[in-house]
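Q: Okay, handing you the structure first.
The values are calculated or read from the model by the stated rules, or taken from the named source; none is laboratory data. These numbers come from a predicted model, not from an experiment. Because the Cβ atoms are built from the backbone with ideal geometry, glycine has one as well, and the counts that use them run over all protein chains shown.
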Amino acid sequence: MDTTNTDLRQERGRLLSRNKGIKHIAGVTWLVPSQTQPTGGYVVNTAESTCSCPDYELRRCRCKHQWAVEFAQTIETHSDGSQTVTESMSYSRTTHEQDWGAYSQAQCEEKSTVQALLRGLCDGIKTPAHTGRGPKPIPLSDVVFAMTMKTYTLMSARRATTDIEAAASDGNMCAPHYNSTLAAFAKPAMTALLTSLIEKSAAPLAGIETSFAVDSTGFGTCVYRRWYDAKYGKQMKQATWLKAHAIVGTTTNVITSVKVTGSDGADSPQLPGLVAATKQSFGLAEVSADRAYLGHENLAAIDAAGAAPFIPFKVNSQDNGSPAWRKMRAVFLYKQDEFLAAYGKRSNVEATFSSIKRKFGAAVRSKTFTAQVNEILCKVLCYNLACLVHAMHKLGIEPSFLVTVAA
């Protein structure tokens with residue numbers, strides 16, 4: 001057996017094999033307890049190399065439960081007294097090459113380069129004409145710059161004042177008062193503007209990205225919903241949260257389009273809009289998503305964009321449907337390797353969400369819904385600009401809106 005290429009499932013199976021709950025049922029069948037459910041488990045048939053878990057049902061390849069049984073089979077004693085010995089398996093960890101020189105340089109120069117890129121993006125923002133009496137408003141481009149940099153610093157508007165004033169002294173902007181920055185977050189018009197800037201920030205990678213993945217993630221808030229529960233006779237509370245729906249390039253993990261909704265926003269209806277927005281700047285070849293996005297409308301939207309959909313079917317999915325449905329169904333059933341290779345890229349969207357939350361926080365500070373939406377969009381914009389900085393050093397990308405500001 002070739003064990004030089006060890007995947008993550010093999011490593012998980014090795015750890016799972018230490019669980020004493022693995023039982024030999026009879027003959028070639030084993031019971032492996034579930035790690036996510038307190039009761040129940042999955043049946044592994046070693047002769048037919050099958051498992052009853054959803055992972056095997058989708059991939060039709062060896063899952064962690066099958067690996068666990070193989071590791072657990074050390075010495076089997078038969079009724080006639082004979083023994084079958086299975087030797088323990090060696091394993092190796094899969095590694096990925098990294099250009100550490102480019103990575104280190106990008107990390108060291110990220111903040112200054114992000115400011116230069118953001119300044120270039122903001123230069124295209126036009127401030128509405130001032131009418132009526134009163135002081136002339138702060139340029140909208142400077143307000144957006146302050147909003148984004150405040151989010152980048154992971155600090156409150158007051159504590160971020162020092163960084164914003166430093167950016168102003170470098171010639172990037174005229175620093176607005178922190179109250180003006182906070183007031184801008186609550187303006188509904190900022191949502192469309194920030195969404196446009198996110199799409200523009202991803203555009204320089206159009207020559208690289210052709211494969212995309214769609215998913216959603218939640219962001220916490222500091223706002224709680226409270227009510228009196230008559231059943232339990234006490235005050236109850238629940239934290240509110242928002243959901244960001246995004247489409248991500250699977251090569252650089254840049255977010256090409258995003259929409260923020262409440263926690264009750266369904267995933268599937270957002271896909272056509274995300275694909276259409278991405279199509280304006282990118283050439284789409286593949287779009288992958290999980291089962292939550294399986295639907296005729298979504299497949300039609302992906303097909304209309306000229307891309308091939310890779311969305312796994314459900315157990316009760318039928319063969320009949322649109323041409324896009326039947327084509328993907330055929331690949332799913334008869335070309336498992338091709339389907340799984342494309343569908344496996346979907347994990348990049350999970351890595352993207354993890355990166356955003358680790359670098360710019362998994363929760364928002366704002367209190368109102370509109371301000372919370374705009375704060376999440378600022379997090380995504382900060383992340384995209386950071387992706388561009390790394391692409392500049394690693395891939396030689398030169399965004400057209402990059403500006404050099406003299407100190």
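Q: Report, by residue number, each residue of segment 299-316 that is assigned to a helix (DSSP H, G or I), more than 13 Å from A213 (Cα to Cα) and in contact with a helix residue (DSSP H, G or I) (Cβ under 8 Å, 6 or more places away or on another chain).
A: If the condition is that a residue be assigned to a helix (DSSP H, G or I), more than 13 Å from A213 (Cα to Cα) and in contact with a helix residue (DSSP H, G or I) (Cβ under 8 Å, 6 or more places away or on another chain), then L299, A300, A301, D303 are the ones that fit.
Q: In segment 41-92, what count of residues is obtained for those that are modelled with pLDDT under 75, in a loop (DSSP other than H, G, I, E, B) and more than 19 Å from L15 (Cα to Cα)?
A: Final tally of qualifying residues: 5.
Q: Looking at V223, is it among the hydrophobic types (A, V, I, L, M, F, W, C), under 20 Å from the mean Cα position of the chain (by Cα) and in a strand (DSSP E or B)?
A: Working: among the hydrophobic types (A, V, I, L, M, F, W, C): yes; under 20 Å from the mean Cα position of the chain (by Cα): no; in a strand (DSSP E or B): yes.
When the stated conditions are applied, V223 does not pass them.
Q: May I ask you to say which residue of S268, S169, S180 is farther than 19 Å from S355 by Cβ, touching a Phe, Trp or Tyr at 6+ places or on another chain (Cβ under 8 Å) and either among the polar types (S, T, N, Q) or surrounded by 21 or more Cβ atoms within 10 Å (Cβ to Cβ) (or both)? Lay out the reasoning, then the answer.
A: Numbers: S169 fails: touching a Phe, Trp or Tyr at 6+ places or on another chain (Cβ under 8 Å); S180 fails: touching a Phe, Trp or Tyr at 6+ places or on another chain (Cβ under 8 Å).
Result: S268 is the single residue among S268, S169, S180 that is farther than 19 Å from S355 by Cβ, touching a Phe, Trp or Tyr at 6+ places or on another chain (Cβ under 8 Å) and either among the polar types (S, T, N, Q) or surrounded by 21 or more Cβ atoms within 10 Å (Cβ to Cβ) (or both).
Q: Checking the condition acidic (D, E) and either touching a strand residue (DSSP E or B) at 6+ places or on another chain (Cβ under 6 Å) or under 25 Å from H245 (Cα atoms) (or both), which residue from D170, D229, D142, D163 passes?
A: Numbers: D170 fails: either touching a strand residue (DSSP E or B) at 6+ places or on another chain (Cβ under 6 Å) or under 25 Å from H245 (Cα atoms) (or both); D142 fails: either touching a strand residue (DSSP E or B) at 6+ places or on another chain (Cβ under 6 Å) or under 25 Å from H245 (Cα atoms) (or both); D163 fails: either touching a strand residue (DSSP E or B) at 6+ places or on another chain (Cβ under 6 Å) or under 25 Å from H245 (Cα atoms) (or both).
The match here is D229.
Q: Test each condition in (1) in contact with a Gly (Cβ under 9 Å, 6 or more places away or on another chain); (2) in contact (Cβ under 8 Å) with a residue 40 or more places away in the chain; (3) buried (at least 17 other Cβ atoms within 10 Å of the Cβ) for A285 and report the one that comes out false.
A: The single condition A285 does not satisfy is (3).
Q: Have a look at A129, A166 and point out the one that is assigned to a helix (DSSP H, G or I), assigned by TED's automatic domain parsing to the domain that holds C382, over 21 Å from I376 (Cβ atoms) and not polar (S, T, N, Q). Steps first, answer last, please.
A: Working: A129 fails: assigned to a helix (DSSP H, G or I).
Only one candidate passes the filter, namely A166.
Q: Which one of D215, D229 is over 27 Å from H390 (Cα atoms) and either assigned by TED's automatic domain parsing to the domain that holds Y383 or not hydroxyl-bearing (S, T, Y) (or both)?
A: Numbers: D215 fails: over 27 Å from H390 (Cα atoms).
Among D215, D229, only D229 is over 27 Å from H390 (Cα atoms) and either assigned by TED's automatic domain parsing to the domain that holds Y383 or not hydroxyl-bearing (S, T, Y) (or both).
Q: Is there a residue in segment 190-204 that is part of a loop (DSSP other than H, G, I, E, B), under 31 Å from the mean Cα position of the chain (by Cα) and not β-branched (V, I, T)? Walk me through it before giving the result.
A: Narrowing segment 190-204 to residues part of a loop (DSSP other than H, G, I, E, B): none.
The answer is no; no qualifying residue exists.
Q: Out of curiosity, is A183 under 19 Å from I138 (Cβ atoms) and either within 19 Å of the chain's Cα centre (by Cα) or in a loop (DSSP other than H, G, I, E, B) (or both)? Write out each step before concluding.
A: On the way: under 19 Å from I138 (Cβ atoms): yes; either within 19 Å of the chain's Cα centre (by Cα) or in a loop (DSSP other than H, G, I, E, B) (or both): no.
No, not satisfied.
Q: Let me ask something else. Restricting the search to segment 152-177, which residues are over 19 Å from I125 (Cα atoms) and without any contact (Cβ under 8 Å) to a residue 12 or more places away in the chain?
A: Result: T153, M155, R159, T162, E165, A166, S169, H177.
Q: Can you tell me which of (1) under 24 Å from S196 (Cβ atoms); (2) part of a loop (DSSP other than H, G, I, E, B) is the one D319 doesn't meet?
A: Result: D319 passes all but (1).
Q: Does T251 satisfy the condition of being at negative phi and part of a strand (DSSP E or B)?
A: Numbers: at negative phi: yes; part of a strand (DSSP E or B): no.
Spelling it out, it is not the case that T251 is at negative phi and part of a strand (DSSP E or B).
Q: Determine if segment 150-163 includes at least one residue that is among the β-branched types (V, I, T) and either surrounded by fewer than 13 Cβ atoms within 10 Å (Cβ to Cβ) or not assigned by TED's automatic domain parsing to the domain that holds Y343 (or both).
A: Here is the first cut: in segment 150-163, the residues among the β-branched types (V, I, T) are 151, 153, 161-162.
Subset that is either surrounded by fewer than 13 Cβ atoms within 10 Å (Cβ to Cβ) or not assigned by TED's automatic domain parsing to the domain that holds Y343 (or both): 162.
Scanning segment 150-163 turns up at least one residue that is among the β-branched types (V, I, T) and either surrounded by fewer than 13 Cβ atoms within 10 Å (Cβ to Cβ) or not assigned by TED's automatic domain parsing to the domain that holds Y343 (or both).
Q: Next up: Would you check if there is a residue in segment 264-285 being part of a strand (DSSP E or B) and out of contact with any His (no Cβ under 6 Å at 6 or more places or on another chain)?
A: no
Q: Would you be able to say whether some residue in segment 363-375 is within 14 Å of the chain's Cα centre (by Cα), assigned to a helix (DSSP H, G or I) and at pLDDT 90 or above?
A: Step one: list which residues in segment 363-375 are within 14 Å of the chain's Cα centre (by Cα), which gives none.
Checked segment 363-375: no residue is within 14 Å of the chain's Cα centre (by Cα), assigned to a helix (DSSP H, G or I) and at pLDDT 90 or above.
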